[in-house]
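Report on one structure; see the data block that follows.
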Amino acid sequence: MTEDDPSHASCDDLGDWRAPLQVDGPAASVEPECHLVVGFDRHPASHAALTYAMDLAGRLNAFLHVAHIVDTDDLPIDPDSADWEQCIGDVVEQERREACAMLAAIPGNWAFYSRRGDPARLLTTIADANDALMIIIGTTRGGMMSLVERAVGESVSATLARHAHRPVLLVPATDRQHSDAAQTRR
C-alpha cells in the first residue's frame, strides 16, 4: 500500500464504503498460471462460490480476484436513520473481513475488491482486465428481489451469461450453508 493510492489496503484497514477498495493478499512463491474472478457477498451460495473458487485456484495455480459489489442488499432498511452511512460501512466492512478470513486459508495470489456499481459489469471488468479463465458466482439468493430480477431479466447470472466473453460458473449453497444462514436470521 502506498500513501498516494488509498484504494489499496491491508486486511486490517478501514475505509469509506463509497471509495473503491483493493486488498492485495500475499504473493505466492510461484507465479500464477491463470486468473479467476469470484463474486462475494453475505449469502450462503456466495460463500460456497468462494470456497469452490479457492479450491479451484489451488488446483490451477490461479490468481483469485474476489469482488464484493456494494448493492441494495448492503443498505439499511431506514434511509432516514442518523447512522445510515455507518450501517452501510459496517456491512461492507463485515463482508471484507469475512472474505479476508476465508482467503487467509490459501497461500497467496489473491486480491479482494469492494466497489459500488452494477455487479455484472464490475465482475466482467475485473475478468477482462486480468484475462480471467472464468467468473464464478453463487446461484440466486432467492426471495422477492431475486424473483423481480429474474422477471425483469436483470439477474447477475443471466447478464453475465449473455454479455461476458468467458465462462460463468454458478455454485449452489450447500444444505449446511442454508441451515447456518437460517440460524443467523433467527
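Cut-off 17 Å, label point 7 angstrom out along Cα-to-Cβ of A104: give me the residues of the range 30-63 whose amide nitrogen falls inside.
Output list for this probe position: 51.
Give me a comma-separated list of calculated 3J(HN,Hα) values for the range 118-124, in order, Karplus coefficients 6.51, -1.76, 1.60 applied at θ = phi - 60°, integers in Hz, x for any Gly or Pro.
Each residue of the range 118-124 in turn: 6, x, 4, 5, 5, 4, 5 Hz.
None of the figures in this text is laboratory data; all of them are computed from the coordinates on show. Just so it is clear, the model here is predicted, and its values are computed rather than measured. Every residue, glycine among them, receives a Cβ derived from its backbone with ideal geometry; neighbour counts consider all protein chains shown.
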